[in-house]
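What follows draws every value from the coordinates through simple rules; no lab data is involved. Bear in mind the structure is a predicted one, so any value in this text is a computation, not a measurement. Don't worry about glycine lacking a Cβ; one is built from the backbone with ideal geometry, like all the others, and counts go over all protein chains shown.
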Amino acid sequence: MTETYSQPANQKRRIATLRISMALCLPAILFTRSADVLPELAMELIESTGILLIIAGVLGRFWSILYIGGHKNASIIQDGPYSICRHPLYLFSTIAAAGFGMMLGSLVLMTVLTGAVLIILSDIAAKEERFLRDRFGLAYDAYAAKVPRILPRGRGFSTPKQVTFDVHVLRRNLSDALVFLSLIPLGELMSYFKEEPLWPMIPIY
């Protein structure tokens with residue numbers, strides 16, 4: 001009998017799924033506005049917090065790449081961001097999505113965007129872990145038993161004094177960072193259009 005093994009998750013499919021999900025959310029982004037139930041100062045604070053979360057998401061992804069770059073699917077990385085959750089790249093992508101939702105000034109949009117990204121990335125993470133369990137067996141089971149999948153647990157943080165990283169992988173992920181950073185001017189542009197709407201807007205919370 002031929003033994004079958006799980007295959008690594010298809011990253012192109014992951015990216016395509018995220019893009020399709022964002023496209024499905026686009027009408028809500030374009031044709032809704034904040035119901036203005038909070039004071040202007042509070043809304044500005046929420047928007048500023050959203051910008052900080054996007055930047056934190058980008059920096060967190062770079063931090064994660066420093067540890068995983070060149071080692072993905074080749075070994076079990078358990079240091080740095082990988083000591084607080086098994087998929088920190090997905091954690092920081094979700095944080096950036098939440099930041100974009102906050103920039104739009106809507107609790108509903110923030111929840112929808114964050115939830116959609118988290119659900120999609122959790123599904124991809126589960127597929128990746130089937131491959132890693134096939135490849136590393138009990139070693140990966142032991143790692144998964146002490147470190148949560150995406151939502152972090154800070155008390156287990158550990159890191160060596162020195163970390164080596166792949167410059168080529170880091171450079172390749174720069175394009176992902178630019179995509180996330182582009183959410184900041186996009187959010188500002190949407191705020192401008194919604195202040196003087198060019199089309200009918202539906203107020204939501």
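Working from label points 7 Å from Cα in the Cα-to-Cβ sense, the His168 to Ser48 distance is 4.4 nm. Potential lengthening of the chain between Asp134 and Ile119 amounts to 3.1 nm, from the contour at 0.36 nm per residue minus the alpha-carbon distance. Listed by chain and number, the lysines placed with their C-alpha closer than 16 angstrom to that of Lys127 are Lys12, Lys72; residues fewer than eight positions away on the same chain are left out.
Would you mind classifying the range 33-76 by shape? Square roots of the alpha carbon gyration tensor eigenvalues, ordered a ≥ b ≥ c; an a/c under 1.5 is rounded, otherwise it is prolate if a/b is larger than b/c and oblate if not. Prolate shape, in that a/c is at least 1.5 and a/b is the bigger ratio. Protection proxy ranking, highest mean first, for peptides 59-66, 72-79: 59-66, 72-79, where packing is the per-residue count of other beta-carbon atoms within 10 Å, averaged. Full extension of the chain between Ala144 and Ala16 yields a length gain of 43.4 nm, computed as 0.36 nm times the residue separation minus the alpha carbon distance. Extension gain for Phe157 to Leu26 (0.36 nm times residue separation, less C-alpha to C-alpha distance): 43.4 nm. Could you tell me which label, among [x] 18.7, 77; [y] 19.1, 68; [z] 25.6, 89, carries the value of Rg and Dmax of the Cα atoms in Å calculated for this structure? Correct label is [y]. Over the range 126-177, the ratio between the Cα radius of gyration and 2.2 N^0.38 Å evaluates to 1.46. Identify the residues of the range 13-34 with backbone N under 20 Å of a label point that sits 7 angstrom from the Cα of Ala126 along the Cα-to-Cβ direction, or state none. Under 20 Å, as judged by backbone N against the label point of Ala126, lie 13-22 of the range 13-34.
Distance from the Cα centroid of the range 13-45 to that of the range 97-120 is 6 Å (rounded to whole angstrom).
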